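Undergrad: Shown below is the structure under consideration.
The values are calculated or read from the model by the stated rules, or taken from the named source; none is laboratory data. This structure is a prediction, so every number in the text was calculated from the model and none was measured. Cβ coordinates were reconstructed from backbone atoms using ideal geometry, including for glycine residues, and neighbour counts include every protein chain displayed. Just the protein is used for accessible areas: all its heavy atoms, side chains included, with ligands, DNA and RNA removed. Shrake-Rupley method; radii C 1.70, N 1.55, O 1.52, S 1.80 Å.
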Amino acid sequence: MKPVGPIPPYFEARDDGQLMIGGIAADELIEEAGGTPLFVYDNNIVGAQVARFKGAMADGIALHYSVTANPYEPLLEFLGRYVDGFRIVSKGELRRLQDAKLAGIPINFAGPGKLSEELEAAVIAGATISVESEGEAERAIRAAERVGIQPRISVRVTPPYSIEAGAVTLVCEASPFGVDAERVPSLVQGLLEADVDWRGLHMFGGAQCLDADALSEIHRLTVGQAGEIADAIGLPLPELNLGSGFDIACRPGDEPLDIDRVAAALNHTLCNAPPLLATTRFTIELGRWLVGESGVYLTRVVDRTESCGHTFLTTDGGGHHLIGATGSLGERGMANFPIAVANRFDAEPEESVTVAGCLCTPFDVLGDNVSLPRADVGDVIAVFCAGAYGLSASPQGWESRPLAREILV
């Protein structure tokens, strides 16, 4: 038997053992949606995470949602009521916001490889373009000239530090993301001479971290580095986007991120920030931390087989919908996401099984040698922490199988 990650504390069983999601039984949600596989997102959990962030952080720190984490339109519409802006990485994500009637909210367009048509669309939408290179800055300026609008541009900085395995490493690693710090002042000077609306810096040094001390150190280093760049430019820094890096507890042995500790340390850092950051507006972008725990992937058992003394439960879903659960995104090793039998959620484990998807590959495994109550054909498997990097991050075209359904409750 292999361990599984912790089931988020928001879920309980109905009297008959059915998993409840947002106060509704899983079987009722499946019937409403028209079947499985099905992603269910609980907006109560998302709202609670937004409230936790805003309750912990100092006033004035803006919260942006990273659309890449989950671009489901009803979820975007819900988040648009509570966050201060959105982070996008493509014209397609911009279109998602426009379809959700959210184009008027602050938007930061980041990421490498922006196409000219994407730069034009971002300028027209009034988004801040976080340029990743001098060349991209030139193309953004030309795009703005073509549409006759002054562009809003920030510069993404390649930080000389990062988080590796939960620890801060003080080394500058070659990266396609951002501009090396020593080149930023001259790039900003060129932007000012081109009469753009310079919005400041975007510095992202952490990823998938649950260690509050490591994230706090990254924030301290980022603010200090931004102060040095502002001194070199000789101007106050309008905005500083601190990126993200907040993770959720979804793997065996994980402990939740102590957001209060992160917030207290960040407040101390900002109170002692360099002088040219005294009027700076600060932003944190969150995706996985806001929506990851809200999602449950429901998939029905279609076959139960035995091989060499081991039991396999084959489902109608799999890695083409939730590739992160299979370990194929390479996220902190191939360990099991939290998993349960949805219609026996309150039952004790009885057997060790492998929960396999329907793809014709041995790597399509949603639960590798996990301990579960007995499940038979027709029962439903629930995989938790499925609210981020699920359907839109998975190879949906693999074997041309049906798409999963989605629903917000």
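Undergrad: Whenever you get a sec, line up Met1, Met203 from highest to lowest accessible area (probe 1.4 Å, protein heavy atoms).
TA: Met1, Met203
Undergrad: To the nearest µm²/s, what D does Stokes-Einstein give for the range 115-156 at 20 °C and 1.002 mPa s, using the Kirkwood radius over alpha carbon pairs as Rh?
TA: 221 µm²/s
Undergrad: Now for a separate question. Tell me, what % of the accessible area of the range 309-409 is carbon and sulfur with a 1.4 angstrom probe?
TA: Of the solvent-accessible surface of the range 309-409, carbon and sulfur hold 54 percent.
Undergrad: Explain nothing, just the number: relative contact order of the chain, from Cα pairs under 8 Å at least 6 residues apart, as a whole percent.
TA: Across the chain, relative contact order equals 23 percent.
Undergrad: Separate question: Taking only the C-alpha atoms, wrap a convex hull around the range 227-377 and report its volume per residue in Å³ as a whole number.
TA: Here the figure is 152 Å³ per residue.
Undergrad: Another one. Taking the inverse of the average 1/r across all pairs of different Cα atoms in the chain, what Kirkwood radius in Å do you get?
TA: Hydrodynamic radius (Kirkwood, Cα only) of the chain equals 22.4 Å.
Undergrad: Another question about this same structure. How would the range 177-249 be classified by its alpha-carbon gyration tensor: rounded, prolate or oblate, with rounded meaning a/c under 1.5 and the a/b versus b/c comparison settling the rest?
TA: prolate
Undergrad: Related question: Quick check for you: with a 1.4 Å probe and neighbouring chains kept, what is the accessible area per residue of the chain, in Å²?
TA: Ligands and nucleic acids excluded, the figure is 40 Å² per residue.
Undergrad: Right, here's the next one. Run lengths n ≥ 4 of DSSP H only: what is the helix-derived mean residue ellipticity at 222 nm for the chain, with -39500 (n - 2.57) per run over all residues, to the nearest 500?
TA: When only DSSP H runs of four or more count, the value is -8000 deg cm²/dmol.
Undergrad: Which order do the peptides 252-262, 98-108 take when ranked by the mean count of other beta-carbon atoms within 10 Å per residue, highest first?
TA: 98-108, 252-262
Undergrad: What angle, in degrees between 0 and 90 and rounded to the nearest 10, separates the Cα long axis of helix 259-271 from the longest principal axis of the Cα atoms of the chain?
TA: The answer is roughly 0 degrees.
Undergrad: Okay, next question. Rounded to the nearest percent, how much of the accessible area of the range 40-147 (1.4 Å probe, protein heavy atoms only) is carbon and sulfur?
TA: About 48 percent, which is the carbon plus sulfur part of the accessible surface.
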